[in-house]
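Asks: Mind looking over this structure? Questions follow.
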Amino acid sequence: MAAYMENGERAAKFYWLPPGLRPPCKMSAQQERVFLLVGMAALFAGYDMNVFGYTLPQIQASLDIPEDKIGITVSIFRLAALVALPLVWTADLVGRRRLLLVTIFGQALATLATGFVQDYHQFLACQFVTRAFGYAEEMLCFVVVAEEVAARARGWASGTLATLDYAGAGIAALIFAAITYIPYGWRSLYIIGSLPIFLVGFLRRWLPETKRFETRKSDQAFSTRFGAALDMLGKLRKEHPKRLAWLLIGVGAFGFSLWPAVVLGPKYLQTALHFTPPQTTLLTVVGGVVAAVFNIMAGRISDRIGRRTVCIATAVIAVVCYGTFYSGWEWRYTALMWAPGFFGFLCADALFAGLSAELFPTAYRATVSGLRYFVGILCGAVSMALEGVFYNYFGGHGHAIIAMMALTPIALIALFMLPEPAGKSLEDVADMADGKVKTDV
């Protein structure tokens, strides 16, 4: 028998999650449907974005990519954020739903094309386009979730969305284990990955526009106030200068410090620690499942004790564990440190994404999420490029990656300086303006 909420809406069940990982408060069936339509895209986007990391040795051999060119290649991929950012800005003008339809189909087409490339430059071009749409997709997913779920469940929502993204990476790892038996090798992994993304795009026709955006659109001030993106950015900087600055400083330092560690993990397992593809899959899937479960739990905990506290703690865990993983120490459990390191990164990254959606009014939310993603991606790209330089200096990826982690304390200081949104409505958080200009939400 169907259960109903106090406002008469049908209550969500969330049977697809174990009881201990479900939302900490009641949500409507409509909210669950929105979360699934957004979350399934995150699932398959996670697959799409992580295929490169697992198949990098095979792609290198197939397309003749030199070892010291890996960092530059990943940096070029990440510069796709330059294209993704203007895309996301338009979501504050035309709506979240319309843009999510564009990004999902764009990502699917570019992923399919990747499976048919003939040389390195074609591969670079297809993956650049894939990531431009994929980055925009991820930014908007966190915006939609923040606008649709209850205040008491936003931390849970960010953690669960990030976990679904990693679940996609786990699917990629499972298929990768059989790469030596799959016809056409790494190419087939991209073709396989494009098919469910097309399906999600088809199902997303039933995704409604967020209620908060509909409210803003009905306001006459919306069209005049946001006639130009530059005007929007100017007002954002004027109304919320401190929190915007600290958020972007924190995101930039975090991305610079940890993205090389995350991207090169599967390659390091295979080349430095001599794991076979099945062994790499076993560690990343089993360890990743544990990390994903703890990530959802950490999201729920952040709804109680605060986003900043949990984000700082998990960022420290990521640095310590990844530092051990890449240290080269001859310790029997060195490889296992990948799992808690990945958990720390996954959780802190999800909470940063959630903060960018929580700390600002509806009118700016997609724009700030875009800026957050752009800064993180750009700093990660710079870090990956420098990793290639340090690789030549140190003679290996391990110490080069550890050198990138020196900026982590800056990210922790920035987190401490941000306001705490846990337990507050988005409207209340937005009213905590740090400029003299009062903004509406």
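Asks: Ala348: in contact with a Gly (Cβ under 7 Å, 6 or more places away or on another chain), in a helix (DSSP H, G or I) and among the aliphatic types (A, V, I, L, M), yes or no?
Replies: When the stated conditions are applied, Ala348 does not pass them.
Asks: When both residues are 6+ apart or on different chains and their Cβ atoms are under 8 Å apart, which pairs have a first residue that lies in region 51-69 and is in a helix (DSSP H, G or I) and buried (at least 21 other Cβ atoms within 10 Å of the Cβ), and a second that is modelled with pLDDT of 85 or more and of a type in the set (S, T, N, Q)?
Replies: Cβ pairs passing all conditions: Phe52/Gln127.
Asks: Same structure, new question: Tell me yes or no: at least one residue of region 27-49 is more than 23 Å from the chain's Cα centre (by Cα) and either at positive phi or without any contact (Cβ under 8 Å) to a residue 24 or more places away in the chain (or both). Can you show your working first?
Replies: Step one: of region 27-49, the residues more than 23 Å from the chain's Cα centre (by Cα) are 27-30.
In the following step, the residues that additionally are either at positive phi or without any contact (Cβ under 8 Å) to a residue 24 or more places away in the chain (or both) were identified as 28-29.
Looking through region 27-49, at least one residue is more than 23 Å from the chain's Cα centre (by Cα) and either at positive phi or without any contact (Cβ under 8 Å) to a residue 24 or more places away in the chain (or both).
Asks: Could you say whether any residue in region 296-310 is over 28 Å from Leu79 (Cα atoms), without any contact (Cβ under 8 Å) to a residue 60 or more places away in the chain, surrounded by fewer than 23 Cβ atoms within 10 Å (Cβ to Cβ) and among the hydrophobic types (A, V, I, L, M, F, W, C)?
Replies: For region 296-310, residues over 28 Å from Leu79 (Cα atoms), without any contact (Cβ under 8 Å) to a residue 60 or more places away in the chain, surrounded by fewer than 23 Cβ atoms within 10 Å (Cβ to Cβ) and among the hydrophobic types (A, V, I, L, M, F, W, C): absent.
Asks: Something else now. Is it fair to say Met40 is assigned to a helix (DSSP H, G or I), at pLDDT below 85 and surrounded by fewer than 21 Cβ atoms within 10 Å (Cβ to Cβ)?
Replies: When the stated conditions are applied, Met40 passes them.
Asks: Of the residues Leu248, Leu164, Leu189, which is at pLDDT 70 or above, in contact with a Lys or Arg (Cβ under 9 Å, 6 or more places away or on another chain), assigned to a helix (DSSP H, G or I) and surrounded by 15 or more Cβ atoms within 10 Å (Cβ to Cβ)?
Replies: Leu248
Asks: When the residues of region 340-394 are filtered to those that are without any contact (Cβ under 8 Å) to a residue 60 or more places away in the chain and surrounded by 24 or more Cβ atoms within 10 Å (Cβ to Cβ), which remaining residue is nearest to Thr408 (Cα to Cα)?
Replies: Gly344
Asks: Condition first: part of a helix (DSSP H, G or I), over 14 Å from the mean Cα position of the chain (by Cα) and crowded, with 24+ Cβ neighbours inside 10 Å. Can you find one or more residues in region 131-142 that meet it?
Replies: Looking through region 131-142, none of the residues is part of a helix (DSSP H, G or I), over 14 Å from the mean Cα position of the chain (by Cα) and crowded, with 24+ Cβ neighbours inside 10 Å.
Asks: Related question: Looking only at region 274-284, which residues are surrounded by 18 or more Cβ atoms within 10 Å (Cβ to Cβ) and in a helix (DSSP H, G or I)?
Replies: Pro277, Thr280, Thr281, Leu283, Thr284
Asks: I'm trying to understand the selection: among the residues of region 315-373, which are of a type in the set (Phe, Trp, Tyr) and touching a Phe, Trp or Tyr at 6+ places or on another chain (Cβ under 9 Å)?
Replies: Passing the criteria: Tyr322, Phe325, Tyr326, Trp338, Phe342, Phe343, Phe345, Phe352, Tyr373.
Asks: May I pose another question? If I ask for residues that are of a type in the set (D, E, K, R) and more than 25 Å from Gly423 (Cα to Cα), which ones from region 294-347 would you list?
Replies: Result: Glu330, Arg332.
Asks: If Phe360 satisfies all but one of (1) assigned to a helix (DSSP H, G or I); (2) within 20 Å of Ala150 (Cα to Cα), what's the number of the condition it fails?
Replies: Phe360 satisfies every listed condition except (1).
The values are calculated or read from the model by the stated rules, or taken from the named source; none is laboratory data. This is a predicted model, so every value here is computed, not measured. Quick reminder, even Gly has a Cβ in these numbers, built from the backbone with ideal geometry, and neighbours come from all protein chains shown.
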